[in-house]
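The values are calculated or read from the model by the stated rules, or taken from the named source; none is laboratory data. These figures come from a predicted structure and were not determined experimentally. Quick reminder, even Gly has a Cβ in these numbers, built from the backbone with ideal geometry, and neighbours come from all protein chains shown. Note: accessible area is taken over every heavy atom of the protein model, side chains too, but ligands, DNA and RNA are not part of it. Shrake-Rupley method; radii C 1.70, N 1.55, O 1.52, S 1.80 Å.
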Amino acid sequence: MIVRNWMQPNPTVLTGDTLLSEAKRILSEANVHALPVVDDGRLRGLITRVNCLRAAHAALRTQDTDELSYFSNHVKVKDIMVRNPATIDADDTMEHCLQVGQEHGVGQLPVMDDGNVVGMISAIEMYSLAAHFLGAWEKRSGVTLAPIELKPGTMGRIVDIVESANAELLAIYPISIGHLNASSASHAKKVIVRFHAADNDTVIRALANAGFEVIESVQAMH
């Protein structure tokens, strides 16, 4: 999964000299949470809806007409934008994008290609990615297995057990417990299994009989 296939392409860009009141209007009309700030063809910063709202709230709180006038006619994007924002390359993977967002604690990333801003990736796209994986818009049932050490053949064994219980396997994901140790090959992992089945109990019993502990079960509504 490559970022360019999930990003919001060709985002509106603002200049540092754009009035903050104008930026607030554009963000609201476009229904986005952040826009890149570009001057002379280079990414200079990121302006967010939260930045704009905080600045507007500060001006409104004073109830001072001069303060409100200054905010509307003088405060510019460059005065409050996030400088040197974290970015992601269009050809990076979504997995790397999630890592960058988590490491920097941000949900908005300008997408770069050869030094140019070509898109935006946000928490919305990241949520969408997770929803696709988990089948949020499909009628999937599923179980989560307690942490186990994954060895060669373990995943295949789980697949065989689920299918032997007359379930149609749709997806299976090993999930590391804590991202800090996610690179450890021997680290115990939960296993999320998604399938179509008349009921989960048959699948749960089959897994339990094979020595796998089910800690969560989700039955699709029909």
Once Rh is set to the Kirkwood radius over Cα pairs, what Stokes-Einstein translational diffusion coefficient, in µm²/s, holds for the range 72-175 at a temperature of 4 °C and a viscosity of 1.567 mPa s? 74 µm²/s
With a Förster radius of 41 Å, plug the Cβ-Cβ distance of D39 and M1 into 1/(1 + (r/R0)^6) and report the FRET value to the nearest 0.05. 0.80
Could you tell me the accessible area of R140 in Å² (1.4 Å probe, neighbours in place), rounded to the nearest ten? 40 Å²
To the nearest 0.05, what FRET efficiency results for T15 and A146 with a Förster distance of 41 Å applied to their C-beta separation? 0.15
Which lysines have a Cα less than 26 Å from the Cα of K151, not counting those fewer than 8 places away in the same chain? K189, K190
